[in-house]
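Below is one structure, written out as structure tokens; the observations come after it.
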Amino acid sequence: MAASEPEYIEVGGGAAARRIACLSQAGGAPGLLWLQGFKSDMVSTKASALAEWAAAKKLALTRFDYSGHGQSGGRFEDGTLGRWIGEARAVFERLTHGPQVVIGSSMGGAIALALLKRLMVEHPASAARIKALVLIAPAWDMTEELMWKQFPESIRREVMEKGLWLRPSQYGDPYPITRGLIEDGRRHLLGQERWNPGRPVAILHGRLDPDVPFSHSEALTGNLEGGWTRLVEVADGEHRLSRPEDIARLFEMIGSVLE
């Protein structure tokens with residue numbers, strides 16, 4: 001299927017049903033599953049570069065848009081981590097085959113970690129297909145640590161009383177932060193206990209990141225047991241890590257876990 005022609009899968013039921021747009025490239029194993037960040041989409045700079053790299057390496061690649069993002073159905077304001085993790089699981093289970101390397105950027109890094117941890121508990125055979133994680137500035141526990149705890153009391157009050165606050169963004173339109181997003185996020189916290197991912201976790205993070213501090217990834221390395229985690233610092237890198245040199249580093253990291 002051409003990259004410009006998504007296929008759709010149905011996720012959820014009743015009022016929660018939504019159509020999820022997916023792009024699949026055929027290729028060899030291990031396949032790659034791309035999980036983008038908050039308010040991003042599957043044809044962003046890094047995702048598109050990854051598609052070209054995967055094609056050159058003859059590796060399978062699966063991408064999709066979370067509900068409320070890109071070409072998928074649903075309203076962004078209805079989105080929660082629980083919904084988006086569920087969509088990632090549906091795509092992983094229905095559209096990918098054989099061993100996979102899951103690559104997550106920002107919120108996608110949090111979803112990659114949550115997907116792995118959930119499958120390890122609920123479906124070990126599926127979890128075994130995930131051979132490694134490659135994470136770019138992973139925003140784990142973002143709704144609590146990077147949003148709620150950083151908000152002043154006036155913004156917390158607005159979120160709780162009005163149900164919505166429009167967070168200014170340097171990347172475009174304001175981001176709607178909803179009460180549902182915050183409250184649901186507390187059901188998916190990863191930092192409450194240490195755990196062993198059981199496979200390599202490679203992290204690329206810019207030291208100058210203003211959105212997800214570098215210290216957030218340092219804390220993650222302390223939270224993951226087993227000696228599986230490797231953190232690579234980009235000394236002059238910011239959050240997106242979309243410069244050609246950043247993308248080259250990303251491909252080096254993916255290549256290292258593929259080996």
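The values are calculated or read from the model by the stated rules, or taken from the named source; none is laboratory data. All values derive from a computational prediction rather than experimental measurement. Cβ placement follows ideal geometry from the backbone for every residue including glycine, while neighbour counts extend to all protein chains displayed.
When restricted to residues that are of a type outside the set (Lys, Arg), farther than 17 Å from Lys149 by Cα and assigned to a loop (DSSP other than H, G, I, E, B), segment 164-209 contains 9.
So, in segment 235-255, how many residues would count as being exposed (fewer than 15 other Cβ atoms within 10 Å of the Cβ), of a type in the set (Asp, Glu) and assigned to a helix (DSSP H, G or I)? Residues in segment 235-255 being exposed (fewer than 15 other Cβ atoms within 10 Å of the Cβ), of a type in the set (Asp, Glu) and assigned to a helix (DSSP H, G or I): 2 in total. When residues in segment 20-54 are screened for being under 24 Å from Ser106 (Cβ atoms), surrounded by fewer than 16 Cβ atoms within 10 Å (Cβ to Cβ) and either more than 19 Å from the chain's Cα centre (by Cα) or of a type in the set (Lys, Arg) (or both), 1 of them pass. Look at (1) surrounded by fewer than 18 Cβ atoms within 10 Å (Cβ to Cβ); (2) in contact with a Lys or Arg (Cβ under 8 Å, 6 or more places away or on another chain) and you find that His97 fails only one, number (2). If you check Gly109 against the conditions, is it farther than 20 Å from Ala15 by Cα and surrounded by fewer than 21 Cβ atoms within 10 Å (Cβ to Cβ)? Spelling it out, it is not the case that Gly109 is farther than 20 Å from Ala15 by Cα and surrounded by fewer than 21 Cβ atoms within 10 Å (Cβ to Cβ). Only one of the numbered conditions (1) of a type outside the set (D, E, K, R); (2) in contact with a Ser or Thr (Cβ under 7 Å, 6 or more places away or on another chain); (3) surrounded by fewer than 24 Cβ atoms within 10 Å (Cβ to Cβ) is not met by Pro138, and that is (3).
Check Phe251, Phe214, Phe151 and return the single one that is free of Cβ contacts under 8 Å to residues at least 40 places away in the same chain and in contact with a helix residue (DSSP H, G or I) (Cβ under 8 Å, 6 or more places away or on another chain). Spell out the reasoning first.
On the way: Phe251 fails: free of Cβ contacts under 8 Å to residues at least 40 places away in the same chain; Phe214 fails: in contact with a helix residue (DSSP H, G or I) (Cβ under 8 Å, 6 or more places away or on another chain).
It is Phe151.
Suppose the filter is small (Gly, Ala, Ser), within 30 Å of Arg230 (Cβ to Cβ), part of a strand (DSSP E or B) and at pLDDT 95 or above; does Ala114 pass it? Judged against the criteria, Ala114 is not a match.
Do we have any residue at all in segment 114-124 that's under 10 Å from the mean Cα position of the chain (by Cα), crowded, with 18+ Cβ neighbours inside 10 Å and under 26 Å from Asp209 (Cβ atoms)? Yes: one or more hits.
If you check Gly79 against the conditions, is it buried (at least 19 other Cβ atoms within 10 Å of the Cβ), of a type outside the set (Val, Ile, Thr), within 22 Å of Pro30 (Cβ to Cβ) and at pLDDT 95 or above? Spelling it out, it is not the case that Gly79 is buried (at least 19 other Cβ atoms within 10 Å of the Cβ), of a type outside the set (Val, Ile, Thr), within 22 Å of Pro30 (Cβ to Cβ) and at pLDDT 95 or above.
For Leu190, state whether it is closer than 21 Å to Lys39 by Cα and aliphatic (A, V, I, L, M). No: the conditions fail for Leu190. For segment 225-234, the condition holds for no residue, the condition being that it is touching a residue at least 60 places away in the same chain (Cβ under 8 Å) and surrounded by 14 or more Cβ atoms within 10 Å (Cβ to Cβ). For Trp195, the requirement of being in contact (Cβ under 8 Å) with a residue 60 or more places away in the chain, aromatic (Phe, Trp, Tyr) and farther than 25 Å from Lys46 by Cα is met.
Consider Ala60 carefully, then state whether it is farther than 23 Å from Met107 by Cβ and surrounded by fewer than 17 Cβ atoms within 10 Å (Cβ to Cβ). No; evaluated as a whole, the condition is false for this residue. Being modelled with pLDDT under 95 and either at negative phi or under 19 Å from the mean Cα position of the chain (by Cα) (or both) holds for only one residue in Arg230, Arg199, Arg240, and it is Arg240.
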